[in-house]
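K.L.:
Have a look at this one before I ask anything.
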Amino acid sequence: MKRRHSMNFGAECRDDGSVRFRLWAPAAKRVDLCLSEARLRLALERLDQGWFELVTDAAKAGSQYKFQIDGGQEVPDPASRFQPNDVHGPSKVVDPNAFDWQDGEWRGRRWEEAVIYELHVGAFTPAGTYSAAKQRLDYLAELGVTAVELMPLSDFPGKRNWGYDGVLPFAPDSSYGQPEDLKELIQSAHAHGMMVFLDVVYNHFGPEGNYLNVYAPQFFTARHKTPWGNAINFDGNEGKPVRDFFIQNALYWLKEYHFDGLRLDAVHSIVDDSTPHILDELAATVRGAIKDREIHLILENERNQASLLRRNEHCRPAKYNAQWNDDIHHTLHVLTTGERDGYYSDYAAHPLEQLGRCLTSGFAYQGDVSLYGNGEPRGESTAGLPLTAFVSFLQNHDQIGNRAFGERIATIAKPEAVRAATEILLVAPSIPLLFMGEEFGATTPFLFFCNFEKDLAEAVSAGRRNEFARFLRFNDSASREAIPDPNAESTFERSKLNWEAQAQPDRQEWLRLHRRLMEIRSKYIWPRPSGDCKTKAEYDLPKENGLHVQWKFSDGSQLSLLANLGDAAFSEVTAPSSEMIYASAGASDAIQQSILPAWSVAWFLRA
């Protein structure tokens, strides 16, 4: 089976053997195609509205090329499908039809079955490649993972990066292998019954290797500002080619690479005053274009805009399936670690109550005032949404990597506290997400790393350390100097997952726990209509540090949770009159004596 997504820009191999090159360069008067191997320079025809085009037999699949702007600077193709020599080098013509797909029967999986495993391709294995990640799929399938989420792959400068500094959104980074290797990884995951999601960045370009301002400064606008400077121009007079660029990027990954979904990074930093909003148009276009299989769209959004998650009359996503729920992470982090500074201050006073709200209605902040947010209301009401509209996690790349020393929760919280939080997240109806290595209690840090050129590298390193100046423990320059240098290769090497540690007895115990909880989820939660908009849920706090939650599903079944998230046991516990499907070690016998031990969890189900 062949898969190719045709676009009105970039280099496209045609059926007659020629290649069509097309570039939007509204600020250019002349654009030439520079073919590296043939040492040819061919002029593109100037079309209307800033477009340039050339169809030529002088190029073929494998040809390397650049565009020369007005006889001066040479630039890579902004829609390059591959950059063999990084962001400053020539682009490579790729023929998608050269890859023979073997997963023609794959139709995806229901969103309700998602158990997401987030990983960074470069740090997931010692080799740090697509092919090496493919070798771990047996392990992930046995663990119970049903969806692998890859951190951004768009070509970034240097050999190592989180991926959020990408500048060529259509080119999977060459550090990890060839485009065919990525396709092999995806179709192999499908053969294992696993979906594959991709994290994409539509709110900014990285600081090195972005040449758009040379020939298309209209790609950006000074009308709106973002943390990275001028915003991407989604709503200006010349915004349509910009909108199409990103919408086609979404379709490209979903169709040509057969990804099962996308996670859109930090959409709160996407500014668009036009109608329809770019997020609405993107979702509508994707939903309309791909109807033969399940496609899942996920958001990161600090604003908690529940309106983007609304369901239709059949309780199917009208736009986006779900949002990463920072609220539940923050409440659990406060409860398990005791940390209350920074944004955790919004969860310091009533974390258990906020956890109950997250478990029963998604967001803790649904229009509530955020003191950390300067007293402004944050979020929208989640009424009418299923609990599967929220992705829950105890760890992810941000919550680990944005710490100065990249500590995982296993190194800053008591094991019994982490265990109890895990026992809640992996069984509760919302969609769970694990960060690579979490399943065996990995303690390797996940630090912020990059590989910029010298001047920028120094600025980024200084900026990273200065970010923490407002924290008491880093208020002097000497303490900040201890923060790892993001550009040092050693910082990246320290962030690689240590698979050898998995053999240790305590790590094997964590692994058994995760496997058991995922088995319980697949046996008891998936058959429930947890994605139903008619699910009713409520919680109460029967004791200090005690939490009782009930979910009533439309099929008449009822799921119940009893949890003690404190250091002392409490008595006078009344267990639900239903089957106990899971309990923390020692909790089952204690509950029969009306006692719930410290840091323990019990789940009950009435079918």
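The values are calculated or read from the model by the stated rules, or taken from the named source; none is laboratory data. If you're wondering where the values come from, they're calculated on a predicted model, not measured in any experiment. Cβ: placed from backbone, ideal geometry, glycine included. Neighbour counts: every protein chain shown.
K.L.:
Would you pick out the residues in the stretch 235-258 that are of a type in the set (S, T, N, Q) and modelled with pLDDT under 95?
P.N.:
Asn237
K.L.:
Then there is this: Looking only at the stretch 334-365, which residues are surrounded by fewer than 16 Cβ atoms within 10 Å (Cβ to Cβ) and either under 23 Å from the mean Cα position of the chain (by Cα) or on the phi > 0 side of the Ramachandran plot (or both)?
P.N.:
Result: Gly338, Gly342, Tyr343.
Here's the yes/no breakdown for (1) closer than 26 Å to Arg419 by Cβ; (2) in a loop (DSSP other than H, G, I, E, B):
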site: Val334; (1), (2): yes, no
site: Arg340; (1), (2): yes, yes
site: Asp346; (1), (2): yes, no
site: Glu353; (1), (2): yes, no
site: Tyr365; (1), (2): no, yes
site: Val369; (1), (2): no, no
site: Thr382; (1), (2): no, yes
site: Leu385; (1), (2): no, yes
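K.L.:
Mind telling me which of the residues Tyr139, Tyr130, Tyr164 ends up being out of contact with any Cys (no Cβ under 9 Å at 6 or more places or on another chain) and more than 24 Å from Asn451 (Cβ to Cβ)?
P.N.:
Tyr139
K.L.:
Just the residues that are closer than 19 Å to Trp253 by Cβ and touching a Phe, Trp or Tyr at 6+ places or on another chain (Cβ under 8 Å), please, taken from the stretch 283-316.
P.N.:
Ala283, Arg293, Glu294, His296, Leu297, Ile298, Leu299, Glu300
K.L.:
With respect to Lys183, is the statement that it is basic (Lys, Arg) and over 19 Å from His258 (Cβ atoms) true?
P.N.:
So Lys183 does not fit the description; no.
K.L.:
Which of the residues that make up the stretch 1-21 are free of Cβ contacts under 8 Å to residues at least 60 places away in the same chain and either within 23 Å of Ala289 (Cα to Cα) or assigned to a loop (DSSP other than H, G, I, E, B) (or both)?
P.N.:
Passing the criteria: Ser6, Glu12, Arg14, Asp15, Asp16, Gly17, Ser18.
K.L.:
Do we have any residue at all in the stretch 176-191 that's modelled with pLDDT under 95 and either more than 20 Å from the chain's Cα centre (by Cα) or over 25 Å from Leu309 (Cβ atoms) (or both)?
P.N.:
No, the stretch 176-191 contains no residue that is modelled with pLDDT under 95 and either more than 20 Å from the chain's Cα centre (by Cα) or over 25 Å from Leu309 (Cβ atoms) (or both).
K.L.:
Please find, among Ser530, Ser571, the residue that is touching a residue at least 12 places away in the same chain (Cβ under 8 Å), loosely packed, with under 13 Cβ neighbours inside 10 Å and small (Gly, Ala, Ser).
P.N.:
Only one candidate passes the filter, namely Ser571.
K.L.:
Of everything in the stretch 534-576, what is among the β-branched types (Val, Ile, Thr) and more than 30 Å from the chain's Cα centre (by Cα)? Give them in sequence order.
P.N.:
Matches in the stretch 534-576: Val573, Thr574.
K.L.:
So how many residues does the stretch 200-240 have that are surrounded by 16 or more Cβ atoms within 10 Å (Cβ to Cβ) and part of a helix (DSSP H, G or I)?
P.N.:
5
K.L.:
If I filter the stretch 177-193 down to residues being in contact with a Ser or Thr (Cβ under 8 Å, 6 or more places away or on another chain) and surrounded by fewer than 21 Cβ atoms within 10 Å (Cβ to Cβ), which single residue comes out as nearest to Ala114 (Cα to Cα)?
P.N.:
Gly193
K.L.:
Okay, moving on. Of everything in the stretch 24-83, what is of a type in the set (Lys, Arg), under 19 Å from Leu212 (Cα atoms) and not in a strand (DSSP E or B)? Give them in sequence order.
P.N.:
Lys29, Arg30, Arg81 - these are the residues of the stretch 24-83 that are of a type in the set (Lys, Arg), under 19 Å from Leu212 (Cα atoms) and not in a strand (DSSP E or B).
K.L.:
Next question, about the same structure. Output the residues belonging to the stretch 254-289 that are outside any loop (DSSP other than H, G, I, E, B), free of Cβ contacts under 8 Å to residues at least 24 places away in the same chain and of a type in the set (Ser, Thr, Tyr).
P.N.:
Matches in the stretch 254-289: none.
K.L.:
Same structure, new question: Taking into account only those residues within the stretch 1-25 that are touching a Leu at 6+ places or on another chain (Cβ under 9 Å) and of a type in the set (D, E, K, R), which is farthest from Leu44 (Cα to Cα)?
P.N.:
So the residue we want is Arg20.
K.L.:
Just to check your reading of the model, which residue among Phe468, Phe448 is in contact with a Pro (Cβ under 9 Å, 6 or more places away or on another chain), assigned to a loop (DSSP other than H, G, I, E, B) and hydrophobic (A, V, I, L, M, F, W, C)?
P.N.:
The conditions single out Phe448.
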